[in-house]
């Protein structure tokens, strides 16, 4: 997992509440079992019209929002089914951080396990961030747990275990492999038929 210590980037805002995983990545795109190849399908039903042409009014399609790495959104983001593809699609599009009013539990964990930092901020902070100009950048300072935009700073709470995983760039496999010597020593003690 790529570490996130301090991330500075441009934003795009979708301020709807209750954006579910079927809106993030519709069911017809779940056949792929790889973690890549989803960027064009992200928010598919909102990004494209019935003829498959880009909806010019949708925020992700606006030229000035291309390359944004921070999504500002409403409450209960990622509700619905538990599809991990939703986190894969957001990451594949280029999002490193999501700032929402809250998340479904499973989606929140899918983000943390896939290197997307899920930040929770209150409505007034998100309303302010949603209105910044397309060329303006904000900074997420994970060690200090702050979102900074100009003179504004917003504190966010974050689990200390996950904080260290993001700062160090450790996923669950990395953490397991830190015990490789102990695992190998244990395996040597197993009966031959087990090996």
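Tallying residues that are over 17 Å from residue 62 (Cβ atoms) and surrounded by fewer than 19 Cβ atoms within 10 Å (Cβ to Cβ) within region 122-136 yields 5.
Going by the structure shown, is residue 33 assigned to a loop (DSSP other than H, G, I, E, B), under 25 Å from residue 172 (Cβ atoms) and free of Cβ contacts under 8 Å to residues at least 40 places away in the same chain?
On the way: assigned to a loop (DSSP other than H, G, I, E, B): yes; under 25 Å from residue 172 (Cβ atoms): yes; free of Cβ contacts under 8 Å to residues at least 40 places away in the same chain: yes.
So residue 33 fits the description; yes.
Does residue 118 count as crowded, with 20+ Cβ neighbours inside 10 Å and either at negative phi or part of a strand (DSSP E or B) (or both)? The answer is yes for residue 118. Looking at region 130-195, the helices (runs of 4 or more DSSP H) lying wholly inside it that each contain 3 or more residues that are modelled with pLDDT under 95 and more than 19 Å from the chain's Cα centre (by Cα) sit at 172-177, 180-188.
Of all residues in region 58-68, those satisfying the criterion of being free of Cβ contacts under 8 Å to residues at least 24 places away in the same chain and over 24 Å from residue 102 (Cβ atoms) are 61, 63, 66. Checked against (1) loosely packed, with under 10 Cβ neighbours inside 10 Å; (2) in contact (Cβ under 8 Å) with a residue 24 or more places away in the chain, residue 142 meets all criteria but (1). When you scan region 43-60, do you find a residue that is within 28 Å of residue 174 (Cα to Cα), under 15 Å from the mean Cα position of the chain (by Cα) and not in a strand (DSSP E or B), even just one? Within region 43-60, not a single residue is within 28 Å of residue 174 (Cα to Cα), under 15 Å from the mean Cα position of the chain (by Cα) and not in a strand (DSSP E or B). Applying the condition of being in a loop (DSSP other than H, G, I, E, B) and in contact (Cβ under 8 Å) with a residue 60 or more places away in the chain to region 69-97 and asking which residue is surrounded by the most Cβ atoms within 10 Å (Cβ to Cβ) yields 83.
Listed here are the residues, each with its yes/no results for (1) out of contact with any strand residue (DSSP E or B) (no Cβ under 6 Å at 6 or more places or on another chain); (2) under 25 Å from residue 165 (Cβ atoms); (3) at pLDDT 95 or above; (4) buried (at least 16 other Cβ atoms within 10 Å of the Cβ).
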residue	(1), (2), (3), (4)
4	no, yes, yes, yes
23	yes, no, yes, yes
29	yes, no, no, yes
33	yes, yes, no, no
44	yes, no, yes, yes
59	no, no, yes, yes
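The values are calculated or read from the model by the stated rules, or taken from the named source; none is laboratory data. On a predicted model such as this, the values are computed, not experimentally measured, just so you know. No Cβ is skipped: glycine too gets one built from the backbone with ideal geometry, and neighbour counts run over all protein chains shown.
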